[in-house]
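Undergrad: I am attaching a structure below and will ask some questions about it afterwards.
The values are calculated or read from the model by the stated rules, or taken from the named source; none is laboratory data. All values derive from a computational prediction rather than experimental measurement. Cβ placement follows ideal geometry from the backbone for every residue including glycine, while neighbour counts extend to all protein chains displayed. These area figures cover heavy atoms from the full protein model, side chains too; ligands, DNA and RNA do not enter into them. Shrake-Rupley method; radii C 1.70, N 1.55, O 1.52, S 1.80 Å.
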Protein chains: 2
Amino acid sequence: MSRTPPHPTREQIELPLVLDCLSDPIRLAIVYQLAQQERVSSELCCGDFNGLSGKSNLTYHFAKLRECGVMQTRVAGTNRFMRLRREDLDTRFPGLLDAVLSSAAKDADRLQLLSECEVVEAD
Amino acid sequence: MSRTPPHPTREQIELPLVLDCLSDPIRLAIVYQLAQQERVSSELCCGDFNGLSGKSNLTYHFAKLRECGVMQTRVAGTNRFMRLRREDLDTRFPGLLDAVLSSAAKDADRLQLLSECEVVEAD
DNA sequence: TCAATAGTTCAATAAACGTTGAACATAGGG
DNA sequence: CCCTATGTTCAACGTTTATTGAACTATTGA
């Protein structure tokens, strides 16, 4: 569990890797929920995504999103808090993240962007 | 060779599939070159991309781009002419294609967006 | 101190992916 | 009519991918 895992610098963020990251439905849902959260506290932890898949599968997707620079992970006790690297992405690829997010929002029903608990509990 | 191959309708174009298509460096280069061409005659044929990879590999990538709705293929004699489905993409995912293209343009050197002949001959 | 909670690691698996080359199909020009 | 140019099809291949479950580590609260 130890320390905060490695992240690429802003300049190291690569377009094909980011697009590939966002092309997976589970990862797109994670990013979408992180973007929703931006308006509030900006951070979510792993457990908040349990509706999307099993824990170890989520760990796998979190790693991909982190390694290609889409999100930032912060370790706090037994939790990992994550947020979008919005500023880095917007600098590197202006308009891309917003275009993806609003396209995803249009298709929110097709893509299953909300984890079950959110759909059911709607809190 | 026969007839023009199947294309998805506008509504059938799916965001994750498009992102996945664009995440491959060769396909991104194809799309980039098609976008350059938009200002001129809007169409290019297979042979125009021979610098990017072997012919049969290109056929594979062309099929992916066509099947997920990124480009349109028109058969004319022994040639296949392709163009971006710009209007369909812009309707379905506003701003996405332009954001990808301008991001790609920024990194044009990193990503190898131009086929060798173009780099060498620069015509 | 002990148990519960949060998340990771690892190995296994099945499917999809990108790339290659050889063989094939088709159309057009001499 | 044949030859060439254009592009496809197919099988083979090695790689990467997403997913699973079981075992593990670390932190917190009682």
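Undergrad: With a 1.4 Å probe and every protein chain kept in, tell me what percent of the accessible surface of the range B:21-113 is carbon plus sulfur. Working shown, then result.
TA: Details: 1960 of 4050 Å².
Of the solvent-accessible surface of the range B:21-113, carbon and sulfur hold 48 percent.
Undergrad: May I ask which residue of B:CYS21, B:THR59, B:SER103 lies farthest towards the positive end of the charge dipole of the range B:1-122, with charges of +1 (Lys, Arg) and -1 (Asp, Glu) on Cβ and the Cα centre as origin?
TA: Working it through, the farthest residue towards the positive pole turns out to be B:THR59.
Undergrad: Sum -39500 (n - 2.57) across every DSSP H segment of at least 4 residues in chain B, then divide by the residue count to get the 222 nm mean residue ellipticity, nearest 500. If you can, show how the numbers build up before the last one.
TA: Working: 6 runs with 59 residues, N = 123.
One gets -14000 deg cm²/dmol as the mean residue ellipticity at 222 nm.
Undergrad: I need to check one value: relative contact order of chain B, counting alpha carbon pairs closer than 8 Å and at least 6 residues apart, in percent. Could the numbers behind the result be given before it?
TA: Numbers: 131 pairs, mean separation 40.6, N = 123.
Averaging sequence separation for qualifying contacts and normalising by length gives 33 percent for chain B.
Undergrad: Does the protein assembly as shown come out rounded, prolate or oblate by the C-alpha gyration tensor, with a ≥ b ≥ c the root eigenvalues, rounded set by a/c under 1.5 and, if not, prolate when a/b is larger than b/c and oblate if not? Intermediate results must be reported in sequence, preceding the final value.
TA: Values: a/c = 2.44, a/b = 1.77, b/c = 1.38.
Because a/c hits 1.5 or more and a/b exceeds b/c, the protein assembly as shown counts as prolate.
Undergrad: Dipole of the protein assembly as shown, Cα-centred, from +1 at each Lys and Arg C-beta and -1 at each Asp and Glu C-beta, to the nearest 20 debye?
TA: On the way: 30 positive and 36 negative charges, 67 e Å.
Value, rounded to 20: 320 debye.
Undergrad: As I understand it, the dipole of chain B uses +1 on the Cβ of Lys and Arg and -1 on the Cβ of Asp and Glu, about the Cα centre. Which of B:ILE30, B:SER42, B:PRO6 lies farthest toward its positive end?
TA: Value: B:PRO6.
Undergrad: At 1.4 Å probe size, with no ligands or nucleic acids counted, give the accessible surface of B:ASP98 in Å², nearest ten.
TA: 80
Undergrad: Right, next: For the range A:19-30, just list the computed ³J(HN,Hα) in residue order, Karplus coefficients 6.51, -1.76 and 1.60, θ = phi - 60°, integers in Hz, with x standing in for Gly and Pro.
TA: Karplus-based 3J(HN,Hα) across the range A:19-30 equals 4, 5, 4, 6, 7, 8, x, 5, 5, 4, 5, 4 Hz.
Undergrad: Turning to a different aspect of this structure: Explain nothing, just compute: Karplus ³J(HN,Hα) = 6.51 cos²θ - 1.76 cosθ + 1.60, θ = phi - 60°, for every residue of the range A:62-77 in order, whole Hz, x for Gly and Pro.
TA: Values, residue by residue: 4, 4, 4, 5, 6, 5, 9, x, 7, 9, 10, 10, 10, 9, 9, x Hz.
Undergrad: Exposed loop trypsin sites (Lys or Arg not before Pro) only (DSSP loop, at most 14 other Cβ atoms within 10 Å): please give the longest stretch of chain A free of them, not including the sites.
TA: Details: sites that count: A:ARG3, A:ARG39, A:ARG110.
After excluding every exposed loop site, the longest remaining stretch is A:40-109.
Undergrad: What does the C-alpha gyration tensor say about the overall shape of the range B:33-109? Classify as rounded when a/c is under 1.5, otherwise prolate if a/b is larger than b/c, or oblate.
TA: Numbers: a/c = 1.71, a/b = 1.35, b/c = 1.27.
Cα axes put the range B:33-109 in the prolate bin.
Undergrad: Something else about it: In Å², and per residue, what accessible area does the range B:8-78 have when probed at 1.4 Å with the other protein chains present?
TA: Details: 3160 Å² over 71 residues.
Accessible surface, normalised per residue, equals 44 Å².
Undergrad: When the Karplus curve 6.51 cos²θ - 1.76 cosθ + 1.60 is applied with θ = phi - 60°, which whole-Hz ³J(HN,Hα) does each residue of the range A:82-89 get, with x for Gly and Pro?
TA: 10, 9, 5, 8, 3, 5, 5, 5
Undergrad: Also, quick follow-up: Compute, for the range B:1-105, the length of the dipole vector about the Cα centre, with Cβ point charges of +1 (Lys, Arg) and -1 (Asp, Glu) only. Units Debye, rounded to 20. Working shown, then result.
TA: Values: 13 positive and 12 negative charges, 76 e Å.
Value, rounded to 20: 360 debye.
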